[in-house]
Every structure is written in C-alpha cells, then in structure tokens.
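Colleague: Quick one: the structure is below, questions incoming.
The values are calculated or read from the model by the stated rules, or taken from the named source; none is laboratory data. If you're wondering where the values come from, they're calculated on a predicted model, not measured in any experiment. Using ideal geometry, Cβ is built from the backbone for each residue, glycine included, and neighbour counts are taken over all protein chains shown. The area values use the complete protein model at the heavy-atom level, side chains included, leaving out ligands, DNA and RNA. Shrake-Rupley method; radii C 1.70, N 1.55, O 1.52, S 1.80 Å.
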Amino acid sequence: QVQLVESGGGLVQAGGSLRLSCAASRSSFSIDDMAWYRQPPGKQRELVARILSGGRTDYADSVKGRFTISRNNVKKAIYLQMDSLRPEDTAVYYCAEGAYGRYNYWGQGTQVTVSS
C-alpha cells in the first residue's frame, strides 16, 4: 500500500518559517516526480512546487524566492522549506507522487496557518 505522510505543519506568524516533510513508501521513489500542492480555505487545490526525478524544480510564481523543495532518495522523502511566510500561504499542504505530469498518489495533508 502506497503511503505518503506529511508532517511539519503548524501555526506561525507572518514572516516566519516552516519546513514540511513527506515520507514516501514506493520502491520507485527515486524515479518518481514529487510535488507539493496546497488548498487554501474555500479555494481549489494548487501546485506549489515540484521536483522531478532528475532534480529539476519548478515553483508557483507566488512562492518563488521564498519556498524551496528538495528530495532525499535514500530516505524516500521530500521537503518544503517555507520562508517569509504570508497569511495567504495558509492552506492544507499535500504531498503528491507520480510521473509524466500525473500525480496518482496523495498524502492526507498537513495544515499550515500563518497569522498576520
């Protein structure tokens, strides 16, 4: 059974930092693409950042320069370092795993709340 387990969410003041982690279980993790999505209250889920199997990274314009995605293939984990957090970053953050632009596996999500 494929599992993606997020951790590291919480409440932080604007300008602060959080580091999200996602532990994966697929044996093909090292060749899978990984991503962080988020769903703000009352809004649709959106892509925050992705890291492909080869290491290429992409970011949503709203988080460029503030968030950093990384992966550790030995630990089968990805991370999202979030700095200079803003109230509009408040959302449930999800880890996703897949290939060729399709994410077939999702975690349960972790809540991030940024207070002003």
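Colleague: Quick one: with all protein chains in place, what share of the accessible area of the chain is carbon or sulfur, to the nearest percent (1.4 Å probe)? Mind showing how you got there, number by number?
Modeller: Values: 2820 of 6240 Å².
Carbon and sulfur: 45 percent of the exposed surface of the chain.
Colleague: Near V2, within a Cβ-to-Cβ distance under 9 Å, what is the net charge of the other residues, with Lys and Arg +1 and Asp and Glu -1? Can you show the working numbers first?
Modeller: Values: positive: R26; negative: E97.
Taking every Cβ under 9 Å from that of V2, the sum is 0.
Colleague: Taking a cut-off of 19 Å between Cα atoms, list the aspartates and glutamates near K76, but don't count ones fewer than 8 places away on the same chain.
Modeller: Output for K76: E6, D32, D33, E97.
Colleague: Between N73, G109, L85, whose Cα lies farthest towards the positive end of the dipole of the chain when Lys and Arg beta carbons carry +1 and Asp and Glu beta carbons carry -1, centred on the Cα centre?
Modeller: About the Cα centre, the residue reaching furthest to the positive side is N73.
Colleague: Something else: Subtracting the Cα-Cα distance from 0.36 nm times the residue separation, let me have the gained length for R56 to S28 in nm, one decimal. Please report the intermediate quantities before stating the final value.
Modeller: Details: separation 28, 0.36 × 28 = 10.08 nm, distance 1.74 nm.
Net length gain for the segment: 8.3 nm.
Colleague: Within straight cross-link reach of K43, meaning Cα distance under 29 Å, which lysines are found once same-chain residues fewer than 8 apart are removed?
Modeller: Those lysines meeting the cut-off are K64.
Colleague: Given Cβ point charges of +1 (Lys, Arg) and -1 (Asp, Glu) and nothing else, what value in debye, to the nearest 20, does the dipole of the chain about its Cα centre take?
Modeller: Numbers: 14 positive and 10 negative charges, 32 e Å.
Magnitude of the dipole: close to 160 debye.
Colleague: Can you list residues whose amide H is under 5 Å from G10's amide H, if they're 5+ apart or on another chain and H is modeled 1.01 Å from N?
Modeller: The answer is V112, T113.
Colleague: DSSP loop (so not H, G, I, E, B), at most 11 other Cβ within 10 Å: list which trypsin sites (Lys or Arg not before Pro) in the stretch 7-91 pass both filters. Mind dumping the intermediate values first?
Modeller: Details: sites: R19, R26, R38, K43, R45, R50, R56, K64, R66, R71, K75, K76; in loops: R26, K43, R45, R56, K64, R66, K75, K76.
Answer in residue order: K43, R56, K64.
Colleague: If each of Q13 and L47 carries a label point 7 Å out from its Cα toward its Cβ, how far apart are those two points in nm?
Modeller: Calculated label separation equals 3.5 nm.
Colleague: Note down the Stokes-Einstein diffusion coefficient of the chain in µm²/s, whole number, using a Kirkwood radius over alpha carbon pairs, 10 °C, and 1.306 mPa s. If you can, show how the numbers build up before the last one.
Modeller: On the way: Rh = 14.0 Å.
Taking Rh from Cα pairs, D becomes 114 µm²/s.
Colleague: Another question, if that's okay. What are the ³J(HN,Hα) couplings of the stretch 38-55, residue after residue, when phi is run through the Karplus curve with 6.51, -1.76, 1.60 and θ = phi - 60°? Round to Hz, x for glycine and proline.
Modeller: My calculation for the stretch 38-55 gives 9, 10, x, x, x, 10, 7, 5, 9, 6, 9, 7, 9, 9, 7, 4, x, x Hz in order.
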